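Undergrad: Structure incoming, see below.
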Amino acid sequence: MGMADEKRTKLLIIGSGPAGYTAAVYAARAMLEPVLVQGVQPGGQLTITTEVENWIGEEMIMGPDLMLKMEAHARAMGTEILFEHIARLDLSERPFRAYGDGGAVYLADAVILATGAQARWLGLPSEEVFKGFGVSACATCDGFFYRGKEVAVIGGGNTAVEEALYLTRHAEKVTLVHRRDSLRAEKILQQRLFANPKVEVIWDHVVDEVLGQTDPKGVTGLRLKHAATGATRELAAHGVFVAIGHAPASELVRDQLETHHGGYVTVQPGSTRTSIPGVFAAGDVTDHVYRQAVTSAGMGCMAALDAEKFLAEQEAADVGTPRAAPRAAE
Ligand code: FAD
Ligand code: NAP
């Protein structure tokens, strides 16, 4: 790797959801000249939803619009924003090294991890077979294909209920399948769901198998299993939307940083400091509890302030040290 492919920055922000962009606004205003890499989903999870009704200050804003506004804000404050996916991150020494997909290497004195979360899947072989052929994790992306058809949504959280409601715009019938007898979604969403004549809820059932045909390849239904008795039944469906939650996108750091609850990056309470000084985490990648746009943005702000403090301390420690000398340990 030649020097030409190396890019040096004080602060590298990985991720372009609410956490990353908010960190960028604060860091840019602190004159840290941050570089933000967007990853394969510029704007993050809110770009795959429609109406957002709990971003404070906006009674309703479309998710993709909100994220474009955040991007423009971060850019206007002086953030360098790159369409780049980080394939590998080396946190073993400073400057930290992030290896981009296209061959670029980013050398950073501090890193803010804001890689968010990704949809979880059921883990059934039949689900894998029909992914993209009737099995989806994004109603706003694929709902359009089910005009006048029957679809099923799996899950009982906000995402499942929102996806089910969204799908009623296209599909003839939407069946929500939940493994318990009550939903964890917000009450206002539950109210809308139960009031919708196109929606039926099947309680206490899990998916046993996705049923389908090979020619043409497509889903025809689901075999469901009662969570307590194990009794099975079939449900006709052309589309299946899996909405059973999200897992943190922490693959880059799982073997380098402390994690909790199956991969969420651990931060010191009340801060965004991870187990490695100079590496900060914000948003869904560290948060298994709240997982909201506004809380992610709040943590993004904290991460930028934590990074600013860290960099200032480093600079103070470096005064009087020859430039080429290795940095003192913490
Ligand atoms: P994310 O939004 O998850 O963004 C992660 C970013 O990291 C992406 O830009 C991705 O490209 C990037 N990235 C990941 N890996 C890499 C890598 N290796 N290299 C470079 N970049 C990388 N919350 C609400 O408050 N209100 C809502 O109405 C709402 N609706 C939702 C609807 C849906 C369908 C979903 C899925 C979620 C919804 N949420 C909502 C939750 C909200 O979207 C998340 O809490 C929030 O987006 C988390 O922000 P984040 O910045 O942590 O990360
Ligand atoms: P979630 O709240 O974790 O809900 C996941 C749902 O899937 C739960 O009902 C869970 O059942 C079920 N489930 C999990 N594993 C399953 C399995 N293997 N088989 C069957 N069912 C399974 O996830 P989410 O709905 O994706 O929401 C994630 C976060 O984003 C939340 O914090 C949510 O508030 C936020 N969000 C907010 C909005 C909004 O504000 N409007 C919209 C979307 C998302 P149990 O209930 O039995 O655990």
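The values are calculated or read from the model by the stated rules, or taken from the named source; none is laboratory data. Just so we're clear, the structure is a prediction, and the values are computed from it rather than from any experiment. Here Cβ is always computed from backbone atoms with ideal geometry, including for glycine, and neighbour counts include all displayed protein chains. Accessible surface is based on the protein model in full, side chains and every heavy atom, while ligands, DNA and RNA are left aside. Shrake-Rupley method; radii C 1.70, N 1.55, O 1.52, S 1.80 Å.
Undergrad: How high is the relative contact order of the range 20-102, in percent, counting Cα pairs under 8 Å that sit 6 or more residues apart?
TA: 34 percent
Undergrad: A follow-up question, please. For the range 176-330, which whole-number percentage of the solvent-accessible area (1.4 Å probe, protein heavy atoms only) is attributable to carbon and sulfur atoms?
TA: 52 percent
Undergrad: So between Asp5 and Glu200, what do we pick up on full extension, going 0.36 nm a residue minus the alpha carbon distance?
TA: Gain in length upon complete extension: 64.7 nm.
Undergrad: Oh, and also: Tell me the volume per residue, in Å³, of the convex hull enclosing the alpha carbons of the range 220-296.
TA: 152 Å³
Undergrad: What net charge do the residues around Ala237 carry, taking every other residue with its C-beta under 14 Å from that of Ala237, with Lys and Arg at +1 and Asp and Glu at -1?
TA: -4
Undergrad: Find, among the GluC sites (Glu not before Pro) in the range 45-152, those assigned to loop by DSSP (not H, G, I, E, B) with at most 15 other beta-carbon atoms within 10 angstrom.
TA: In loop regions of the range 45-152 (DSSP not H, G, I, E or B), the sparsely surrounded GluC sites (Glu not before Pro) are Glu53, Glu58, Glu59, Glu93.
Undergrad: Which ³J(HN,Hα) values, rounded to whole Hz and listed in residue order, are derived for the range 22-33 from phi using the Karplus coefficients 6.51, -1.76 and 1.60 in 6.51 cos²θ - 1.76 cosθ + 1.60 with θ = phi - 60°, glycine and proline given as x?
TA: In residue order, the calculated couplings are 5, 4, 5, 4, 5, 5, 5, 6, 8, 6, 8, 6 Hz.
Undergrad: Provide the per-residue ³J(HN,Hα) series for the range 47-61, in order, calculated from phi with Karplus coefficients 6.51, -1.76, 1.60 and θ = phi - 60°, each as a whole number of Hz, with x at glycine and proline positions.
TA: Taking θ as phi minus 60°, the curve returns 6, 9, 10, 9, 6, 10, 10, 10, 8, 4, x, 10, 4, 8, 9 Hz for the range 47-61.
Undergrad: If you don't mind, there's one more thing I want to ask. Can you give the charge dipole size of the chain about its Cα centre, rounded to the nearest 20 debye, using +1 on the beta carbon of Lys and Arg and -1 on the beta carbon of Asp and Glu?
TA: Charge dipole, the chain, about its Cα centre: 400 debye, nearest 20.
Undergrad: Using the Cβ atoms and a cut-off under 14 Å, what net charge is assigned to the surroundings of Trp203, where Lys and Arg are +1 and Asp and Glu are -1?
TA: Taking every Cβ under 14 Å from that of Trp203, the sum is +2.
Undergrad: Okay, moving on. Once amide H atoms are placed 1.01 Å from N in the peptide plane, what residues at a sequence separation of 5 or more from Asp208, or on another chain, have their amide H within under 5 Å of its amide H?
TA: Arg223, Leu224, Lys225
Undergrad: Please report the Cα spread of the range 182-317 along all three principal axes, rounded to whole Å, starting with the longest.
TA: 67, 36, 32
Undergrad: Convert each backbone phi in the range 249-266 into a coupling constant with the Karplus relation 6.51 cos²θ - 1.76 cosθ + 1.60 (shift: θ = phi - 60°), then list the ³J(HN,Hα) values in order as whole Hz, x for Gly and Pro.
TA: So the Karplus estimates, Gly and Pro as x, are 8, 10, 4, 4, 10, 4, 9, 10, 10, 5, 10, 9, 6, x, x, 6, 5, 6 Hz.
Undergrad: Hey, what did the range 153-230 get for relative contact order, percent, Cα under 8 Å, at least 6 apart?
TA: Value for the range 153-230: 27 percent.
Undergrad: What's the magnitude of the charge dipole for the range 1-146 around its Cα centre, counting Lys and Arg as +1 and Asp and Glu as -1 at the beta-carbon? Answer in Debye, nearest 20.
TA: Charge dipole of the range 1-146: 400 debye, to the nearest 20.
Undergrad: Can you tell me, using C-alpha contacts under 8 Å and at least 6 residues apart, the relative contact order of the chain as a whole percent?
TA: Relative contact order for the chain comes out at 19 percent.
Undergrad: Given H placed 1.01 Å from N in the peptide plane, which residues other than close sequence neighbours of Val240 have an amide H under 5 Å from its amide H?
TA: Under 5 Å from the amide H of Val240: Val135, Ser136, Ala152.
Undergrad: Using the beta-carbon distance between Lys69 and Thr232 and R0 = 45 Å, what value does 1/(1 + (r/R0)^6) give for FRET efficiency, to the nearest 0.05?
TA: The calculated FRET efficiency here is 0.40.
Undergrad: I need the peptides 102-109, 299-306 ranked by packing, meaning the mean over residues of other C-beta atoms within 10 angstrom, with the highest value on top.
TA: Order by mean packing, descending: 299-306, 102-109.
Undergrad: Write down the accessible area per residue of the range 1-61 in Å², having rolled a 1.4 Å probe over the full set of protein chains.
TA: 49 Å²
Undergrad: Another question, then. Tally Lys/Arg at +1 and Asp/Glu at -1 over every other residue whose Cβ is under 10 Å from the Cβ of Arg223; what's the total?
TA: That works out to -1.
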